[in-house]
Amino acid sequence: MKHRKTSKASAALGALLLAGCASVDVPSSGSMQSTYTPMATPLGITVQPVDSFAVNGVSMLRFRNTYAYADAEGMTLYARENDCGENCGEDWLAYIAPSDAAAQGRWSVTTRSDGQRQWALDGKPLYRYDGDEAVGQTKGDDANDSPWQAALFEPAAHIELPASMHVAEVPDAVGQALFNEENRVLYAYTGDIARETPQCGAIPCRWIPVAAPQLAVPVGEFTIVIRPDQTRQWAYQGRPLFTYSGDYESGYAAGLGVDQKMDVAVLIEYFMPSNAMLQRTPGQGFVLADENGMTLYRRDTWAFQQGGHGIRRGVPPRPQVGRQIGTSMEGCDAECQSVWHPFAASDDAQASGFWQIATREDGTRQWVYKGYALYTYAGDQRPGDLRGTDHYDFFISLDPEKETKYPAPTFGMGALAWLYAFP
């Protein structure tokens, strides 16, 4: 079963929720209010892991496991409380927005005194620092006691939430979504709870309403609906919220596709190319796929002591390693490409979010996800096949004191491995 593609930023703004009342009645018709889900990044803005070891004068711990907004090439973007305009100095380069750029969510476009349009986040214009030399560096953050700070990736910042909820990433839903206090994914229902009950089909399961306390009041885009049994239930953008009994592990959304009127309550969507999608696979859940549902793969390094390749999302991507392998002959030469086909990006495609574009040696463009160039495998015959995963090219050093030639640094035995790409 193919998973839905994520909606793009062209989705129309939904009607505003009712405000100022403690609760609303369940709508009499099956249609709920239309919704609007902002994108985490506009075109031309990417997300990169911060290299904590490259921060000048700042504790390495500050940026560990942290992502920052970056330009299309992956160079960190910065902001400051008081914009300096044209007086920022030659080291600070305004990040110019294209002529067709439009405001969305936390993103806006400001017009400079010279007439150029500049991207802004939460109203603060964005700049690149000329002192950064590689992707992930944040040398401009607090450099020379300046007021500059890296624009950290916090897509759900400033969203008003009920006290019992929080926001976190749900890869299967390609975005940041709602969780309850027990760290379970929340789902939003487009059906009419006055007349119907969410379905499970042949799967034994339960859809459990997210109860609202008796004294709870609406918060931001969260309202309260009264169920037929007169209990109170939280709703987001007019859609009643539920948990799914089949979600046995936090962060996974097994309820996707169980009822076509039920979807993960996504607050912020991630970008996905128009020729990419998520594909459900046997045993491994959703993986990245091309527009025909054929699995996408990444080329990664492997050391003998590593494990987890057979476990769902067992080997997390390491963007620095992906960039090291790149699209070079070492990554996949001409013979390799007869079996592993580069996942092409069109001439007008633009980088955004975790997706970038690499230009290959022959001039063609290839999609890159979280630092890794993506490929399809000629041996896959139908959507959901994973025949290309766990293919290895081994590099063995007979000298236990000597590193293998590639990939380095690995002592003893290392390899290049083909792994399926997951969201």
Report whether or not Arg184 is touching a residue at least 24 places away in the same chain (Cβ under 8 Å), basic (Lys, Arg) and under 30 Å from Ser352 (Cβ atoms). yes
When residues of the stretch 214-252 are filtered for being free of Cβ contacts under 8 Å to residues at least 24 places away in the same chain and more than 25 Å from the chain's Cα centre (by Cα), how many remain? 5
Out of all the residues in the stretch 147-175, which are farther than 17 Å from Ala68 by Cα, buried (at least 17 other Cβ atoms within 10 Å of the Cβ) and small (Gly, Ala, Ser)? Ala173
Select, from Asp333, Asp393, the only residue that is farther than 11 Å from Arg298 by Cα, free of Cβ contacts under 8 Å to residues at least 12 places away in the same chain, surrounded by fewer than 18 Cβ atoms within 10 Å (Cβ to Cβ) and over 22 Å from the mean Cα position of the chain (by Cα). Asp333
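Condition check: surrounded by fewer than 22 Cβ atoms within 10 Å (Cβ to Cβ) and free of Cβ contacts under 8 Å to residues at least 12 places away in the same chain. Does Ala211 satisfy that? Show your work before the answer.
Working: surrounded by fewer than 22 Cβ atoms within 10 Å (Cβ to Cβ): yes; free of Cβ contacts under 8 Å to residues at least 12 places away in the same chain: no.
It is false that Ala211 is surrounded by fewer than 22 Cβ atoms within 10 Å (Cβ to Cβ) and free of Cβ contacts under 8 Å to residues at least 12 places away in the same chain.
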Determine if the stretch 276-290 includes at least one residue that is of a type in the set (Ser, Thr, Tyr) and in contact with a Lys or Arg (Cβ under 6 Å, 6 or more places away or on another chain). no
Can you pull out the residues in the stretch 172-185 that are under 15 Å from Glu249 (Cβ atoms) and outside any strand (DSSP E or B)? Asp172, Ala173, Glu182, Asn183, Arg184
So Asp172 fits all but one of (1) touching a residue at least 24 places away in the same chain (Cβ under 8 Å); (2) under 17 Å from the mean Cα position of the chain (by Cα); (3) more than 18 Å from Gln260 (Cβ to Cβ); what number is the exception? (3)
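Criterion first (touching a strand residue (DSSP E or B) at 6+ places or on another chain (Cβ under 9 Å) and under 28 Å from Tyr252 (Cα atoms)) does Glu169 satisfy it?
Working: touching a strand residue (DSSP E or B) at 6+ places or on another chain (Cβ under 9 Å): yes; under 28 Å from Tyr252 (Cα atoms): yes.
Answer is yes for this residue.
Condition check ((1) in contact with a Phe, Trp or Tyr (Cβ under 7 Å, 6 or more places away or on another chain); (2) aromatic (Phe, Trp, Tyr)) across all residues:
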site	(1), (2)
Ile268	no, no
Asn275	no, no
Pro282	no, no
Leu288	yes, no
Asn292	no, no
Leu296	yes, no
Trp302	yes, yes
Scan the stretch 255-263 and give yes if some residue there is touching a helix residue (DSSP H, G or I) at 6+ places or on another chain (Cβ under 9 Å), touching a residue at least 12 places away in the same chain (Cβ under 8 Å) and either outside the structural domain of Trp207 (by TED's automatic domain parsing) or part of a strand (DSSP E or B) (or both), otherwise no. yes
How about the stretch 84-127: which of its residues are of a type in the set (D, E, K, R), outside any strand (DSSP E or B) and within 29 Å of Ile159 (Cα to Cα)? Asp100, Arg106, Arg112, Asp122
The strands (runs of 3 or more DSSP E) lying wholly within the stretch 357-423 that contain at least 2 residues that are modelled with pLDDT of 90 or more and basic (Lys, Arg) are none
How many residues does the stretch 253-294 contain that are over 19 Å from the mean Cα position of the chain (by Cα), among the hydrophobic types (A, V, I, L, M, F, W, C) and farther than 26 Å from Gly388 by Cα? 2
Checked against (1) in a loop (DSSP other than H, G, I, E, B); (2) modelled with pLDDT of 95 or more; (3) aromatic (Phe, Trp, Tyr), Tyr248 satisfies every condition except (2)
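Within the stretch 65-83, count every residue that is outside any strand (DSSP E or B) and touching a residue at least 60 places away in the same chain (Cβ under 8 Å).
At the first step, the residues of the stretch 65-83 found to be outside any strand (DSSP E or B) are 65-66, 71-75, 80-83.
Checking the rest, the ones that are also touching a residue at least 60 places away in the same chain (Cβ under 8 Å) come to 66, 72-75, 80-82.
Selection size over the stretch 65-83: 8.
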Do we find a residue being outside the structural domain of Val321 (by TED's automatic domain parsing) and assigned to a helix (DSSP H, G or I) anywhere in the stretch 147-167? no
Within the group Arg112, Arg128, which residue is touching a residue at least 40 places away in the same chain (Cβ under 8 Å), touching an Asp or Glu at 6+ places or on another chain (Cβ under 8 Å) and among the charged types (D, E, K, R)? Arg128
Confirm whether Thr281 is modelled with pLDDT under 95 and surrounded by 15 or more Cβ atoms within 10 Å (Cβ to Cβ). yes
Just the residues that are among the hydrophobic types (A, V, I, L, M, F, W, C), part of a loop (DSSP other than H, G, I, E, B) and modelled with pLDDT of 90 or more, please, taken from the stretch 38-64. Ala40, Leu43, Ile45
How many residues of the stretch 337-390 are out of contact with any helix residue (DSSP H, G or I) (no Cβ under 9 Å at 6 or more places or on another chain) and farther than 20 Å from Val135 by Cα? The answer is 32
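The values are calculated or read from the model by the stated rules, or taken from the named source; none is laboratory data. Predicted, not measured: the structure shown is a model, and the values here were computed from it. No Cβ is skipped: glycine too gets one built from the backbone with ideal geometry, and neighbour counts run over all protein chains shown.
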